[in-house]
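One structure is given here, and the rest of the page talks about it.
Derivation of every value follows stated rules applied to the coordinates shown; laboratory data play no part. The structure displayed is predicted, hence computed values, not measured ones. FYI the Cβ positions are ideal-geometry reconstructions off the backbone, even for glycines, and counts take in every protein chain you see.
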Amino acid sequence: FLSSRRRVWAARDWLWSTRDGDEGPLVEPACAVAVDRNDSAHVLGALVVTLMVGSTRSWYARRRLAVPPPPPDMADGREQPQIRWVFVQPVVSDQGVATALLAKAAGSLWSSGYRELASATDRGNVASMAWHWRNGFVLLPRHKTVRPTSASTPTPPPG
């Protein structure tokens, strides 16, 4: 486990890496920020979506769920969107902020022709895994998950 100070530096490094495009291109319409209704300068949570690139994308493509593909005119050259970051302030934890951010992202992605949204969580992060499962993500091998951007229940992959 990392010390508190090292966790902050690791988070900064990952955020800078995401900002610089090292985690794939940002999908700006699918990114969202939740602010306090009484103080719009007070951020309650945020969700960042990027497109998977390279070996991550090819690994995912071999294991994707059988969900309807996007319309042919939207499918060409599409990479797989993935939740790169989701943050929620502890004071609003378990109040639906992350789920509302996810709904906004999924709606935006659906409108753009994407039919799946990938995500990942660390094996021991029980709270994050529970959130993913409550929101319809399906566990795939190697601890990757995917969530259809529709409200329908996905068909599990064979085997």
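Below is a table of values for the structure above.
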| quantity | calculated |
| --- | --- |
| Net charge, residue 89 excluded, C-beta distance under 13 Å - Lys, Arg +1, Asp, Glu -1 | -3 |
| Built amide H within the under 5 Å cut-off of residue 44, gap 5+ | 34, 35, 36 |
| Gain upon complete extension [residue 28, residue 99; 0.36 nm per residue less C-alpha separation] | 23.8 nm |
